[in-house]
Amino acid sequence: MVSIRIAQAAIALFAIGHTLGMLSSRMRDDAERAALEGLKAYRFAIMGVERSHHDFYLGMGWSLSLFLVFALLLTQWLLPLMQAQPAMTRPILWGMAGVFAVMTAFCMRWFFPAPLGMSLVASLALAWAAWHT
């Protein structure tokens, strides 16, 4: 169960870091302020509602924080099942490992080292748990 604890630690750090980052509203400079104001200013109709790119940015950011908290809870809920019926948890663990592996690739392409590292550790630890369950 060490592998699950490692995955939980990585996911928790990712969730905390991401959520705190979402709550931080400090601008680094005027160029960043202008970029964000541009994202907020351009509004468009989509599926009967009016939104901005900034709305999508925030909505997806909060959605990721929610997903990470759920993934953390799911690993906790799986622990007793892993001991009682390990074969039942294997597909779930492989699925989670796969999702975090893809998230690692997304972080390599579009983000930065901290989420990349947490995604990679979570992916490897979940794969290890699936392999050894």
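The values are calculated or read from the model by the stated rules, or taken from the named source; none is laboratory data. What you see is a predicted model; the values in this text were computed from it and never measured. Ideal geometry is used to build each Cβ from the backbone, glycine not excepted, and the neighbour counts take in all protein chains shown. Note: areas computed on protein heavy atoms with side chains; ligands, DNA, RNA excluded. Shrake-Rupley method; radii C 1.70, N 1.55, O 1.52, S 1.80 Å.
Some observations on this one:
- Output for region 96-133, where each listed residue is touching a residue at least 40 places away in the same chain (Cβ under 8 Å), closer than 16 Å to residue 67 by Cα and of a type outside the set (A, V, I, L, M, F, W, C): 115, 119
- Boolean, residue 36 is modelled with pLDDT under 95 and either within 25 Å of residue 24 (Cα to Cα) or open to solvent by 80 Å² or more (accessible area, probe 1.4 Å) (or both): yes
- Residue within region 87-105 that is aromatic (Phe, Trp, Tyr), under 21 Å from residue 13 (Cβ atoms), open to solvent by 80 Å² or more (accessible area, probe 1.4 Å) and within 20 Å of the chain's Cα centre (by Cα) present: no
- When region 40-62 is filtered for residues that are within 16 Å of residue 22 (Cα to Cα) and in contact with a Phe, Trp or Tyr (Cβ under 8 Å, 6 or more places away or on another chain), only 53 remains.
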